[in-house]
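The values are calculated or read from the model by the stated rules, or taken from the named source; none is laboratory data. What you see is a predicted model, and the numbers here were worked out from it, not measured in a lab. FYI the Cβ positions are ideal-geometry reconstructions off the backbone, even for glycines, and counts take in every protein chain you see.
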Amino acid sequence: TQLLEQSPQFLSIQEGENLTVYCNSSSVFSSLQWYRQEPGEGPVLLVTVVTGGEVKKLKRLTFQFGDARKDSSLHITAAQTGDTGLYLCAVFMNYGGATNKLIFGTGTLLAVQP
Amino acid sequence: KAGVTQTPRYLIKTRGQQVTLSCSPISGHRSVSWYQQTPGQGLQFLFEYFSETQRNKGNFPGRFSGRQFSNSRSEMNVSTLELGDSALYLCASSLGRQGDGYTFGSGTRLTVV
């Protein structure tokens, strides 16, 4: 089973529409990060949320960390074709190593049609 | 400042061969992590190096290995390549503190035939 389940897996919408993607887990995290990966490139960090209930805005993107710090959502208002990409949530977890390692969710592939 | 540089960008190898991939982190970043990305498994953690020491390892066979040099540049090696090793290999650098964001390179696309 995946530590971080993202939904939906795929999303195809028209430019101008709103959308929300989710990142869920049964574990509690001290922080959670969101990345966006465009085709042929590596993921790029969008935001880090650290407090339960925290809401952060990045232009048309709104990120929320669940009150219990087990889940997060990303809402995009008035999507643009430039928002197309793979959205990944990620958390630091310790699996017996010297330190925590960054583990990624299953991803949501977003396609915004013109 | 320069980003994370991975070389080569594309690579085609034959089953049974070995391959070495290179990653130059952002100047000042001492931590380098490697990931394998495939359509079926997503982003899977391979290992992390910090100040030339491996401090985390994922669940990959011993054919996957890595190292880090004193200038923080890192290499990963895959020996006895299998068809299933075909993937995008990404490296990411960070300052190495817990909770820091990672900066990724553009990856090396490895195809094993």
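Failed condition for B:Tyr102, given (1) more than 11 Å from the chain's Cα centre (by Cα); (2) among the aromatic types (Phe, Trp, Tyr); (3) surrounded by fewer than 20 Cβ atoms within 10 Å (Cβ to Cβ), with all others met?
Exception for B:Tyr102: condition (3).
What are the residue pairs meeting all of these: first residue in region A:54-79, first residue closer than 14 Å to A:Gln33 by Cα, second residue exposed (fewer than 15 other Cβ atoms within 10 Å of the Cβ) and not β-branched (Val, Ile, Thr), Cβ atoms under 7 Å, and 6 or more apart or on different chains?
A:Phe65/A:Gly52; A:Phe65/A:Gly53; A:Gly66/A:Gly52; A:Arg69/A:Gly52; A:Lys70/A:Ser26; A:Lys70/A:Ser27
Suppose we keep only residues that are buried (at least 19 other Cβ atoms within 10 Å of the Cβ) and in contact with a Gly (Cβ under 7 Å, 6 or more places away or on another chain) within region B:69-87. Which one would you say is nearest to B:Ser24 (Cα to Cα)?
Of the residues in region B:69-87, the ones buried (at least 19 other Cβ atoms within 10 Å of the Cβ) are B:72, B:74, B:76, B:78, B:81, B:85, B:87.
Going one step further and asking which of them are in contact with a Gly (Cβ under 7 Å, 6 or more places away or on another chain), we end up with B:74, B:76, B:81.
Numbers: B:Ser74: 7, B:Met76: 12, B:Leu81: 23 Å.
Applying the filter and picking the extreme gives B:Ser74.
Select, from B:Glu52, B:Glu48, the only residue that is surrounded by fewer than 20 Cβ atoms within 10 Å (Cβ to Cβ), within 16 Å of B:Arg67 (Cα to Cα), free of Cβ contacts under 8 Å to residues at least 24 places away in the same chain and acidic (Asp, Glu). Even if it seems obvious, please write down each step before you answer.
Details: B:Glu48 fails: surrounded by fewer than 20 Cβ atoms within 10 Å (Cβ to Cβ).
The match here is B:Glu52.
Determine whether B:Phe45 is within 13 Å of chain A (Cβ to nearest Cβ) and among the hydrophobic types (A, V, I, L, M, F, W, C). Lay out the reasoning, then the answer.
Details: within 13 Å of chain A (Cβ to nearest Cβ): yes; among the hydrophobic types (A, V, I, L, M, F, W, C): yes.
For B:Phe45, the condition - within 13 Å of chain A (Cβ to nearest Cβ) and among the hydrophobic types (A, V, I, L, M, F, W, C) - is met.
May I ask you to list the residues in region B:75-99 that are of a type outside the set (D, E, K, R) and either assigned to a loop (DSSP other than H, G, I, E, B) or free of Cβ contacts under 8 Å to residues at least 40 places away in the same chain (or both)? Full working, then the answer.
Kept after step one, since they are of a type outside the set (D, E, K, R), are these residues of region B:75-99: B:76-81, B:83-84, B:86-96, B:98-99.
B:Ser79, B:Thr80, B:Leu81, B:Gly84, B:Ser86, B:Leu95, B:Gly96, B:Gln98, B:Gly99 - these are the residues of region B:75-99 that are of a type outside the set (D, E, K, R) and either assigned to a loop (DSSP other than H, G, I, E, B) or free of Cβ contacts under 8 Å to residues at least 40 places away in the same chain (or both).
A:Gly96 versus (1) at pLDDT below 95; (2) in contact with a strand residue (DSSP E or B) (Cβ under 7 Å, 6 or more places away or on another chain); (3) within 13 Å of chain B (Cβ to nearest Cβ): which is the lone unmet condition?
The one condition A:Gly96 does not meet is (2).
B:Gly40: modelled with pLDDT under 95, more than 8 Å from chain A (Cβ to nearest Cβ), outside any strand (DSSP E or B) and over 24 Å from A:Pro39 (Cβ atoms), yes or no? It would help to see each step written out before you state the result.
Values: modelled with pLDDT under 95: yes; more than 8 Å from chain A (Cβ to nearest Cβ): yes; outside any strand (DSSP E or B): yes; over 24 Å from A:Pro39 (Cβ atoms): no.
Answer is no for this residue.
Under 7 Å by Cβ, and 6 or more places apart or on different chains, what pairs join a residue from region A:21-44 that is under 15 Å from A:Asp83 (Cβ atoms) and more than 10 Å from chain B (Cβ to nearest Cβ) with one that is buried (at least 21 other Cβ atoms within 10 Å of the Cβ) and polar (S, T, N, Q)?
A:Val21/A:Gln6; A:Val21/A:Thr108
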